[in-house]
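Below you'll find the structure, written out as structure tokens, and then a few comments.
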Amino acid sequence: MNRHNGGSRIGAWIETCWHRLQSQATGDDPIIQQATDRVVQIADPVIRQAKCYRQVLADPIADSMRYFQSLLETIPGPVVLQRSRYYDDPTVKALFASPDELDEVLRYDPENNKLRQQGSTGEVVAMMTMRRQERTVFGHKQEGELIVRDVRQQAVSFTDHRIVAPSANLDTTRTGIVNRGLEALAMVAMERIALLRANKAELQGRKEYLQGMVKILGVRSHRQEIFTALTSHNREDVCKVEQMLAQVEVELETLRQRIGQPEQSLAHLEKVMRSPETILTARRQNLRLNWMGVRVDDEPESEGNDITLAELSLEADKRSAVLVTFTLPAMSDSRP
């Protein structure tokens with residue numbers, strides 16, 4: 001029995017050492033180090049003052065990167081974006097209102113302009129995201145041999161197109177999308193940290209105001225005592241303000257325990273990085289649209305085209321996404 005327990009302890013010790021070595025190896029990975037630098041700069045640069053912040057963030061960042069890599073399988077494509085294919089490809093026609101809009105998106109997108117300024121030309125792969133809008137329209141619908149008029153239908157359109165992580169090859173684009181996911185998490189952490197700081201500053205201002213009111217009421221009461229006795233109203237005012245001040249001090253102390261030190265900001269960032277699946281998700285988005293962009297999902301006999309996209313959800317914000325490929329014109333060709 002003792003021999004068995006000794007072996008178990010040795011096995012547990014070896015397992016612990018192995019996990020530590022794995023963690024250290026992850027922390028020394030230059031890709032993880034670069035990712036850590038980016039997310040810390042976005043979330044709160046003060047985190048760099050926290051002890052061992054790189055080691056703390058190494059595993060959560062690595063896990064988040066693996067999570068975003070798994071989401072890439074949800075994004076279909078690449079779809080060829082080309083003006084001449086607009087009327088031949090149902091997906092392209094569904095995503096853009098016209099061939100002119102397609103050209104305009106590719107010509108003026110900020111990410112494409114960055115590539116042009118770097119002298120890049122030729123074929124480009126990227127992720128394109130957009131907002132899906134549905135509006136109610138009334139049209140005709142065939143039911144058997146009858147044509148029914150003024151039928152309520154849902155027309156689908158897409159707006160606010162954005163090109164994400166464009167590059168010359170798919171692997172680089174996929175890496176860029178993963179990095180964008182990390183940046184999105186860092187921004188969520190930044191918002192939470194900034195909100196806590198704003199609440200703390202507001203409470204500090206209320207505390208100073210109430211302290212001033214206590215002082216004013218105290219002086220006023222002392223002045224009145226010289227000529228007359230204090231009334232119950234005077235005492236109630238002082239008591240009310242003191243109670244408000246005590247409540248503010250309790251709330252302020254609670255916030256001090258959550259924000260104010262580098263280690264506290266680090267803890268908020270670590271928490272976000274450990275739960276990417278609660279912040280950013282992706283799922284397949286299947287639509288069946290007719291030539292007018294009206295949904296005919298429940299009408300298999302109607303003429304329509306199946307459109308497959310991904311729906312990315314960043315907390316309450318939802319955007320459709322698809323991988324695309326297109327030809328990036330030279331700088332001179334991009335000007336109207």
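Taking the alpha-carbon centroid of each part, what is the distance from region 92-136 to region 302-327 in angstrom?
First find each Cα centre; the distance between them is then 13 Å.
Sequence-distant or interchain residues sharing an amide H contact under 5 Å with Asp297, placed H: which?
Arg288
I want to check the label-to-label distance for Leu195 and Leu252. Put each point 7 Å from Cα in the C-beta direction and report it in nm to one decimal.
That separation, rounded to one decimal, is 2.3 nm.
Could you please report the charge total around Thr308, scoring K, R as +1 and D, E as -1 over all other residues with beta-carbon less than 15 angstrom from its beta-carbon?
+1
With equal scatterers on the alpha carbons only and no solvent term, can you work out the Debye log10 of I(q)/I(0) for region 24-80 at 0.12, 0.14, 0.18, 0.28 1/Å?
-0.36, -0.46, -0.65, -1.13
Values quoted throughout were computed directly from the atomic coordinates according to the rules given, and no laboratory measurement underlies them. Just so you know, these numbers come straight off a predicted model, no measurement behind them. Glycine gets a Cβ as well: all are built from the backbone with ideal geometry, and neighbour counts include every protein chain shown.
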